[in-house]
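Below: one structure, written as structure tokens.
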Amino acid sequence: MLYPLAETTECDCKRELETKKPKSWLKSVSAFANGIGGKLIFGVDDSGEIVGIIDAQKSAEAISDLIKTRITPTPQFVLTLEKEQEKSVLILTIEAGRATPYYYKADGIREAYVRIGNESIVAPDYILNELILKGKNQSFDALTSDVKKEDYSFTLLEATYYERTLLKMEPKDYFSFCLADKKGYLTNAGRLFADQYIVYNSRVFCTRWNGLEKGSVFDDALDDKEFEGNLIYLLRSASDFVKNNSKVRFYKDVEYRVDKPDYAERAVTEALVNALIHRDYIVSGSEVHIDMYDDRLEISSPGGMFDGKAVQEHVITDIGSMRRNPVIADLFHRMKFMERRGSGLKKIISETEKLPGYNESLKPIFYSDGSSFRVILKNVNYGTTKVSDKVSDKVSDKVSDKVSDKVSDKLNEKEKCFFNVLMTLAKQHDFVTTKVVAEAAGMPEATTRRYLSKFSKMDIIVSDGKNRSKKYYLKNTSMTEANP
């Protein structure tokens, strides 16, 4: 058997069994049971070197007894004995528990532990509260509050629901969707969809930074907004902020224009929806953060993956649907703000891959720990040459060496750009029309006709036909030799 070279989120190595100070390893038992499970390996030091356990049978009995007397409730576990290099190694496998939280108790102390990285730490209050809800098979958004529905309005929710489903939201739907109970008291989900701002943590802070790193909001922020209240309002406001601080560049192909947005709009929406739906609303004083830099967009939300495992340890395509806030998720799904359950992260990747100029280095990044989740979308236009308002560099590069000094001297900058487009089209086709040139140059047809008339007078092109059927041909195929 190969043993880990270092302790990890799911594995803890112990050189020997501590029976006089069992807390040194029992806290990991608590942490594994409260998380995604894990293994404790006795007889292996932190470097992975096998040192062995003396009297493995006695040690196994001590481990079982200490777990049963010091951990409450008792988690599911399996003890196995393995022989390596003629040395005994005990492997204690702890299953992820359903009756959370699992406490370590001794000397009047009762503490629940969680695994953060390769350490077992006392669970912070917000994680402990979430473990309590999980153990009761409840979620924060489904809990009933002491707030009466009749005291608040839901205009935005009802209007949006109708807009996106073409169905009117009836009073009975509030109970059906778990937004209120039969007595008319709102659940936490209901409070989050009220027009009024009644959940303090329902906030999004947005900043467009100048450069590649954070700085002072007063000195280094190009734009800064704070939004609070209804989840639909937060989604729309955050989406508008990203859109207003992004650019959509383009380049001209022969017959059409290709847009090059910094970010895929659908990917941004999925990331924002993910942040609002799956965030931990129990964390006091928390909010979703949107930080935009020259080269990337970062969306951070409170609370790690609900299953306790870091997202970077998952295969994204294999992540199942585990929802911290199922009531909110269900309503967002009904309103078609999100794809089918469990596909959000895959959608972020697939939509980004569709962007012009995309390559593997621009693949979205997902990161989580015990307290936060972050999505990083890379600006596909960062570091590329700026595209002209009217003519792309792609076109310009092909023809920049074709304009003779004599021609160039008689043209202003706009006419030079137009000339470049015209020469590219004329070289690729037997003839061009006003409409084709106008679309390629991004100019009105009236302006295009005026420019074409000028080049006809300069004896660069000749025309045939009248009005809309008029065709233009190069008079001299070697335009660098043109003598206007």
Original post:
Rounded to a whole number, what % of the accessible area of the chain do carbon and sulfur atoms account for, probe 1.4 Å?
Top reply: 47 percent
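Compute the length gained on full extension between His333 and Lys21: take 0.36 nm times their separation in residues and subtract their Cα-Cα distance, giving the result in nm to one decimal.
107.3 nm
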Original post:
In the chain, how does Rg compare with the Kirkwood Rh, expressed as the Rg/Rh ratio over alpha carbon atoms?
Top reply: 1.16
Original post:
How about region 342-386: which trypsin sites (Lys or Arg not before Pro) there are in a DSSP loop, with at most 16 other Cβ atoms within 10 Å of their Cβ?
Top reply: Lys354, Lys386
Original post:
lysines within cross-link reach of Lys148: Cα-Cα under 18 Å, excluding same-chain residues under 8 positions apart?
Top reply: Lys172, Lys182, Lys183
Original post:
So how much slack lies between Arg98 and Arg449, counting 0.36 nm per residue of separation and subtracting their Cα-Cα distance, in nm?
Top reply: 118.9 nm
**OP:** Once you have the Cα-Cα distance between Val258 and Val78, take 0.36 nm times their residue separation minus that, and quote the gain in nm to one decimal.
**Re:** 58.9 nm
**OP:** Keeping all protein chains in position, work out how much accessible area Met322 exposes to a 1.4 Å probe, and write it in Å² to the nearest 10.
**Re:** 100 Å²
Subject >> Percent antiparallel among DSSP beta bridges (both partners in the chain, rounded to 5) >> reply: 85 percent
Subject >> Computed FRET value (nearest 0.05) for Lys471 with Glu265, which takes r as the C-beta separation and R₀ as 45 Å >> reply: 0.70
Original post:
How big is the gap, in Å, between the Cα center of region 79-129 and the Cα center of region 268-301?
Top reply: 31 Å
**OP:** Could you work out the Rg to Rh ratio of region 110-215, with Rh taken as the Kirkwood radius (inverse of the mean 1/r over all Cα pairs)?
**Re:** 1.11
Original post:
Can you pull the Rg over Rh of region 62-139, Cα-only, Kirkwood?
Top reply: 1.05
Subject >> Sequence-distant aspartates and glutamates (8 or more away, or on other chains) whose Cα lies within less than 16 Å of Lys260 >> reply: Asp294, Asp295, Glu351, Glu353, Asp389, Asp393
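When the helix-only estimate is applied to the chain (DSSP H runs of n ≥ 4, each -39,500 (n - 2.57), divided by the residue count), what is the mean residue ellipticity at 222 nm, nearest 500 deg cm²/dmol?
On the way: 16 runs with 159 residues, N = 484.
That comes out to -9500 deg cm²/dmol.
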Subject >> Surface per residue (accessible, 1.4 Å probe) for the chain, Å² >> reply: 51 Å²
**OP:** Within region 182-230, report the GluC sites (Glu not before Pro) that DSSP leaves as loop and that have at most 12 other Cβ atoms within 10 Å.
**Re:** Glu213
Subject >> Ordering of 133-140, 301-308, 81-88 by burial proxy (mean other Cβ atoms within 10 Å per residue, highest first) >> reply: 301-308, 133-140, 81-88
Original post:
Given a Förster radius of 41 Å and the C-beta distance between Lys183 and Lys346 as r, what FRET efficiency does 1/(1 + (r/R0)^6) yield to the nearest 0.05?
Top reply: 0.50
Original post:
In whole Hz, what ³J(HN,Hα) sequence does region 174-187 give by Karplus (6.51, -1.76, 1.60; θ = phi - 60°), x for Gly and Pro?
Top reply: 4, 6, 4, 8, 6, 8, 7, 8, 5, 8, x, 8, 6, 7
Original post:
Straight-line reach from Lys309: which lysines have Cα under 27 Å away, leaving out those fewer than 8 places along the same chain?
Top reply: Lys14, Lys23, Lys27, Lys39, Lys68, Lys105, Lys134, Lys136, Lys346, Lys347, Lys363, Lys378
Original post:
Where both residues lie in region 185-320, what percent of DSSP beta bridges are antiparallel, nearest 5?
Top reply: 75 percent
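The values are calculated or read from the model by the stated rules, or taken from the named source; none is laboratory data. In this text the structure is predicted, and so the values were computed from the model without any measurement. Counting neighbours? That spans all protein chains shown, and the Cβs are built from the backbone with ideal geometry, glycine included. Areas reflect the complete protein model, heavy atoms only, side chains present, ligands, DNA and RNA absent. Shrake-Rupley method; radii C 1.70, N 1.55, O 1.52, S 1.80 Å.
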